[in-house]
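The values are calculated or read from the model by the stated rules, or taken from the named source; none is laboratory data. Just so you know, these numbers come straight off a predicted model, no measurement behind them. Virtual Cβ from ideal backbone geometry, glycine too; neighbours counted across all protein chains shown.
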Amino acid sequence: MSEASRSDPAQAPLAILGGTFDPIHNGHLLLAEDVASGLHLPMIRLIPAGDPPHRQPPGAGALDRAEMVRLAIADHPRLELDTREVDRAGRSYTFDTLLSLRNDWPRRNLALILGADAFVGLPTWHRWQELLDLAHFIVVARPGIVLQDALSGPMRALWNERYRDDAAVLRTQRAGAIVTQRITPHPIAARAIREQLARGRAGARAISGLLPPAVLAYIRRHRIYGYSPDAS
């Protein structure tokens with residue numbers, strides 16, 4: 001991409017979707033596609049966390065999770081794998097990731113896709129008050145979360161100050177706005193998938209429609225999440 005195209009303020013922002021992807025499943029893919037379609041984004045980068053700071057260590061290693069993302073998006077031309085958190089030593093802080101993207105794309109608007117639950121919990125994140133200096137937020141619904149009811153204190157103030165009802169701001173303003181995007185509900189839980197996989201073949205059959213076949217084949221081949229073909 002030329003420097004001239006990077007500096008065009010009317011172009012779509014560089015949108016990113018981070019997560020442990022432990023494992024990546026169809027809910028992640030459908031969410032990303034819904035956001036890309038709804039906001040007319042040509043590309044969304046999926047960034048697997050190398051060492052996530054907000055949860056217990058993932059069930060699969062960082063390299064395995066990155067490879068599963070690569071396999072999952074093979075048939076999704078608008079989705080792209082970005083391994084910068086896997087490649088970077090230390091905790092996978094979103095602030096550091098956005099700063100890295102900003103250094104790589106100094107004239108490109110950035111947009112961070114967040115589930116409503118992650119947005120509500122933002123004050124627990126590293127340097128959270130500086131994230132909007134680097135990127136916009138695209139907040140998407142999550143089952144069981146009514147965003148307006150869940151906000152309080154500093155998050156309520158942040159919402160009142162930064163929310164914009166016109167997503168055109170993603171293209172015309174460098175960073176700092178919060179927009180929302182409706183998506184089709186996809187109530188698929190990675191934890192439930194991991195629990196089923198630990199049951200072996202029967203569990204794998206039970207969740208076969210919840211994640212891409214190539215991802216399930218990878219898990220079976222490498223026996224991730226306690227999967228064993230000999231389990232009942």
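For residue 110, state whether it is surrounded by 16 or more Cβ atoms within 10 Å (Cβ to Cβ) and within 21 Å of residue 55 (Cβ to Cβ).
Numbers: surrounded by 16 or more Cβ atoms within 10 Å (Cβ to Cβ): yes; within 21 Å of residue 55 (Cβ to Cβ): no.
Criteria not met by residue 110.
If I ask for residues that are part of a loop (DSSP other than H, G, I, E, B) and among the basic types (Lys, Arg), which ones from segment 48-106 would you list? Steps first, please.
Step one: filter segment 48-106 for residues part of a loop (DSSP other than H, G, I, E, B), giving 49-61, 73-78, 82-83, 88-93, 105-106.
Those that are part of a loop (DSSP other than H, G, I, E, B) and among the basic types (Lys, Arg): 55, 78, 88, 91.
I'd like the full set of residues that are modelled with pLDDT under 95 and either over 18 Å from residue 136 (Cα atoms) or among the aromatic types (Phe, Trp, Tyr) (or both), limited to segment 1-26.
Hits for segment 1-26 are 1, 2, 3, 4, 5.
Looking at segment 201-229, which of the residues that are outside any helix (DSSP H, G or I) and hydrophobic (A, V, I, L, M, F, W, C) is surrounded by the most Cβ atoms within 10 Å (Cβ to Cβ)?
Of the residues in segment 201-229, the ones outside any helix (DSSP H, G or I) are 207-212, 223, 227-229.
After this cut, where a residue has to be hydrophobic (A, V, I, L, M, F, W, C) as well, the list is 207, 210-211.
On the way: 207: 19, 210: 19, 211: 25.
Among those that are outside any helix (DSSP H, G or I) and hydrophobic (A, V, I, L, M, F, W, C), it is 211.
Quick check, is residue 117 charged (D, E, K, R) and under 16 Å from residue 15 (Cα atoms)?
Values: charged (D, E, K, R): yes; under 16 Å from residue 15 (Cα atoms): no.
Taking the combined requirement at face value, the residue does not satisfy it.
Quick check on segment 160-172. Is at least one of its residues closer than 23 Å to residue 45 by Cα, within 17 Å of the chain's Cα centre (by Cα), surrounded by fewer than 19 Cβ atoms within 10 Å (Cβ to Cβ) and modelled with pLDDT of 95 or more?
The answer is no; no qualifying residue exists.
Please state which of the following conditions residue 122 fails to meet, knowing it meets all the rest: (1) under 12 Å from residue 179 (Cα atoms); (2) within 19 Å of the chain's Cα centre (by Cα).
(1)
I'm trying to understand the selection: among the residues of segment 169-218, which are touching a residue at least 24 places away in the same chain (Cβ under 8 Å) and charged (D, E, K, R)?
Hits for segment 169-218 are 171, 174, 182, 194, 199, 201.
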